[in-house]
1. Let me know the longest stretch in the chain that avoids all chymotrypsin sites (Phe, Trp or Tyr not before Pro) found in a DSSP loop with at most 14 other C-beta atoms within 10 Å.
2. Relative to the compact-globule scaling 2.2 N^0.38 Å, provide the ratio for the alpha-carbon radius of gyration of segment 437-563.
3. Taking every pair of distinct Cα atoms and averaging 1/r, then inverting, what Kirkwood hydrodynamic radius in Å comes out for segment 1-140?
4. Hey, what did segment 61-103 get for relative contact order, percent, Cα under 8 Å, at least 6 apart?
5. What ranking do V104, V194 get, fewest neighbouring Cβ atoms within 10 angstrom at the top?
6. Please work out the ratio of the alpha-carbon Rg of segment 1-62 to 2.2 N^0.38 Å and round it to two decimals.
7. Just need the relative contact order of segment 465-563 here, percent rounded to a whole number, with Cα pairs under 8 Å and 6+ apart.
8. About the Cα centre of the chain, what is the dipole size in debye to 20, counting +1 per Lys and Arg Cβ and -1 per Asp and Glu Cβ, all else neutral?
Amino acid sequence: MHRLAVFTAFVSFLLIIAGGLVTSTGSGLSVPDWPLSYGTLFPPMVGGIRFEHTHRMIAATVGLLTLILAVWLQMKESRRWVRRLGVGALGLVLLQGILGGLTVLWQLPLPVSVAHACLGQTFFAAIVALAQVTSPEWLPRRLKPEERPSVFLRQLSFATALAVYGQLILGALLRHAGWRPHLVGAHIAWAVTVAGCIGATAAAVLRRHRQDSILAGPAKMLPCLLLVQIGLGFSTLVRGGGGVGLATAHVAVGALMLAVSVLLCVRVFYSSESSYYPSGLSVYLELTKPRLTCLAVITSLIGLFLASTGPLDMGKGVSVLLGTAFLGGGAAALNQVLEQEADARMSRTRKRPIPSGRIRPESALFFGVAASVAGLLILTFGANPLAGTLGAATLGTYLFLYTPLKPRTALCTLIGAIPGALPPLIGWAAARGELGVGAWILFAILFLWQLPHFLALAWEFREDYARAGFKMLPVLDPDGGLTFRQISLYCAALVPASLLPSFFGLAGSLYFFGALGGSLAFLTIGLMTAQTKSARAAHRLFFASVLYLPFLFVTMTLDKVIG
């Protein structure tokens, strides 16, 4: 089983090389049909056909090998998570084949082509992991506590694998979208992040585990591959895309970097305490406050979409998506570092990663800084400097104004609504390079929405906020009179503000009537909540706010698509 997994990984690597050759030689449409090639399994191997058809034959071989491996694992493997990994790898290779077919049948659409390339790397990483965990040497290691990899190293190795994968995504976008300056800039900027992660990981391993060949081997190999990749990338950049050999070698070495980084990550976790494994891979996601980060990403993409006057620029779209995601996740992690003591006193936050002891503050600080810097670099070089500046403003106001003001003044809520309303401006700036009236309308809607949304939450958990020492308005206003007057005021202000997109040409009649109905309904719920002032009513208003904003933006987006 292990030998089959290793052989499948080797053939998968050949498949990545073959795919690189297809892209580098421009042979993607040499065969116009799928799954057969010119209606046969054996077309004439001339011109670009030999590259494309060879790629298909290797892909079919990989699919068959993966099917055999997945079935074998189901029959003989006792570890359920390994069996699931085998099924996941089979699903990835099947989806990869479907995307490959759509790439041909739909004439190389950019999103499908990029997804096809990225999914191939994901499948390769999964097969490399299967080759490792099916090895006969995969046995519990009797290591003393001081010999085990530290929590920081586990997290760093995982971050390195993610960083390498992110670089491969940008590389795929660059190859398929063309050599656009902002994509080249994003690729170079992200390479700095990858180099930093690899350097830190290799240093951490070799400082404490130099004699452990299981860890030291891949840790030594990664910097070597990085240097080769930088040399290939620079040569390719100088030659404006490079020759076939350079471009294909660049793809192949990138795949090897991913394989080695995944291998190191798996080995680090394997050498650690088994009790850490389940939480080790999820603690980072929890640090990013996924719901808030997703809201920032979605609203930034909506700003990009509404500001785009022609076809959506996929390069800038990916830059805004990744940049806002990293920036939002990094800011959330740094916020938790700054508020770790307050989080420990609140019942709704005491189970967060830092107060619960699942991650050290130093590790969270490193993750937050690295993610924030990566997000700013992607926005600045992948989109434009204005988008990067707005990203920096979001980070600065959130961490250095809103966070320190929470235990000092009730005005923190107003100030905190500013960074929360900036993501649409980031997307708008990425699309146009300037901020127009439409950008500020989106800012106003999001700014006003946040106030009843948060005040309702703060009223429901006002005792919790009081224990943490936060001077939120509901904490300083025991009878709720001022709190609910402000809630009513902001809900009322949302009605005309939500209609502004129609008056300024940002949306049409579909959005106007949808926004009018939704805003009046939200105002009604806010007024009813102000009458009862109960925690249950506040929770109902909070839930209504969660539904209201997506309804507003979905209606606005549909209006533009239909119009």
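1. With a cap of 14 other Cβ atoms within 10 Å, the longest stretch comes to 180-503.
2. Working: Rg = 15.6 Å, N = 127, 2.2 N^0.38 = 13.9 Å.
Relative to the rule-of-thumb radius for its length, segment 437-563 sits at 1.13.
3. Numbers: mean 1/r = 0.0641 Å⁻¹.
One over the average 1/r among Cα pairs gives 15.6 Å for segment 1-140.
4. Numbers: 20 pairs, mean separation 19.2, N = 43.
Once divided by the residue count of segment 61-103, the mean separation gives 45 percent.
5. Details: V104 20, V194 25.
Fewest-to-most ranking of V104, V194: V104, V194.
6. Values: Rg = 12.6 Å, N = 62, 2.2 N^0.38 = 10.6 Å.
Against the compact-globule rule of thumb, the ratio is 1.19.
7. Details: 73 pairs, mean separation 28.2, N = 99.
Averaging sequence separation for qualifying contacts and normalising by length gives 28 percent for segment 465-563.
8. Numbers: 42 positive and 21 negative charges, 241 e Å.
Taking the Cα centre of the chain as origin, the dipole is about 1160 debye.
Read-outs throughout are calculated quantities, based only on the coordinates presented, and are distinct from any laboratory measurement. Fair warning: this is a prediction, and the values are worked out from it, not measured in the lab. Neighbour counts run over all protein chains shown; Cβ positions are idealised from the backbone, glycine included.
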